[in-house]
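Read through the structure below, which is laid out as structure tokens, and then see the notes.
The values are calculated or read from the model by the stated rules, or taken from the named source; none is laboratory data. Small disclaimer: the values here were computed from a predicted structure and weren't measured. Counting neighbours? That spans all protein chains shown, and the Cβs are built from the backbone with ideal geometry, glycine included. The protein model used for the area step is the full one, side chains on, heavy atoms only, and it has no ligands, DNA or RNA in it. Shrake-Rupley method; radii C 1.70, N 1.55, O 1.52, S 1.80 Å.
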Amino acid sequence: MDAFALQLLNGLDKGGAYALIALGLTLVFGTLGVVNFAHGALFMIGAFIAVSVNGLLRLETVTVDPTKLTPWGSPMEVRTPLVQAWLGDFGGFLLQYSVPLSILVAVPVMLLLGVAMERGLIRYFYRRTHAEQILVTFGLAIVLQELIKAAFGANPISMAAPPAFSGSANIGEWLGLGAGVIYPWWRLVYLGFAAVIIAGVIAFLQFTTYGMVVRAGMQDRQTVGFLGINIQRRFTVVFGIAAAVAGMAGVMYTPIVPPSYHIGMEFLVLSFVVVVVGGMGSISGAVAAGFLLGILQSFASMTEVKAVIPGIDQVIVYLVAVAVLLIRPRGLMGRKGVMEN
């Protein structure tokens, strides 16, 4: 029972990451009709925004402490982070919570980056085929990936979770399952974060006037345009929101997997499968498929399962995708004819 609960938590954790990236992919496809293969690069950029903020906060000032001497008798140099030297204890707090604080930087940066991408490149490919869109956005992803590699190097960079969330929670005792169900706090935080962001985006689309107009435009762009609404501008904002969601997901994932220049590509492939399984253009389908495939992948990684079917954890996602597309070509919740063009 404990092993089952742990695998379920692992699956929900993976599913949350898949669903967050798939959510942005679906938003862009549903509004602009663009298959954006650069979306994983936005996740990667979010992760490196966290690395950059952490690096800036740790810039140091060097002073000399005459009360402390080196073994050679000279005054000892004391290195203190600038933010701590200026702000004291509050500066120390900022250093420890650099990952969640990076969200404050990531949101405006990613919004602007998303809008710039859409206005500067993506809009020229609206009327092109999906193959051409994939080619140009994949090329953009490679360029962004190489820029990050040149700036930060090829090695993964470790990021620490805030001290308050660095341990593990005994979930088994909370739920009466047993003392063996212990799960890292930060992964629980990430799961809760994913749930809040997904719920926020869905609520924005479902319950705000702006979101309702966007959804109407997704169904019939031309008719909404006839009403005098600049639907293109709203779609550009949606592209920015999708970029911001991917960036926030990247920021919060850094304590779980040390960011490297290819982290976005690793998630993009799986998330694209999630979108296809859920149904292209279906937000609820992307979220449901993200959690479903995350849970299946987690259970497939169990030693007992792999002993029966070796390597099943590596292919389970693709086997499910093949099965779903054979039975229901539009995906679990996709609309008929969406991929006909």
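Of note:
- Taken as entire DSSP H runs, the helices of the chain that both span 27 Å or more between Cα atoms along their own long axis and average -0.5 or more on the Kyte-Doolittle scale are 2-32, 39-57, 98-120, 130-152, 185-207, 231-253.
- Inverting the pair-averaged 1/r between distinct Cα atoms of the chain gives 21.8 Å as its Kirkwood hydrodynamic radius.
- Distance from the C-alpha centroid of the range 56-102 to that of the range 277-334: 48 Å, rounded to the whole angstrom.
- For the range 190-259: rounded, prolate or oblate by the Cα gyration tensor [a/c cutoff 1.5]: prolate
- Overall, the anisotropy analysis places the range 1-52 in the oblate class: the square-rooted eigenvalues a ≥ b ≥ c of its C-alpha gyration tensor yield a/c not less than 1.5, with a/b not exceeding b/c.
- Here the average projected area of the convex hull drawn through the C-alpha atoms of the range 83-223 stands at 14.8 nm².
- Between the alpha-carbon centres of the range 242-269 and the range 155-231 there is a gap of 14 Å.
- Placing +1 on each Lys and Arg Cβ and -1 on each Asp and Glu Cβ, with no other charges, gives the chain a dipole about its Cα centre of roughly 1120 debye.
- Calculated log₁₀ intensity ratio I(q)/I(0) where the Debye formula runs over C-alpha points of the range 41-165, q = 0.09, 0.14 Å⁻¹: -0.43, -0.79
- Shape of the range 235-341, Cα gyration tensor, a/c cut at 1.5: oblate
- Solvent-accessible area, 1.4 Å probe, carbon plus sulfur percent, for the range 85-171: 68
- Helix-only mean residue ellipticity at 222 nm for the chain, each DSSP H run of n ≥ 4 adding -39500 (n - 2.57), per residue, nearest 500: -22500 deg cm²/dmol
- In the context of the full set of protein chains, the range 206-341 has a per residue accessible area of 48 Å² (1.4 Å probe).
- Probe 1.4 Å, protein heavy atoms only - accessible area per residue of the range 49-135 in square angstrom: 64
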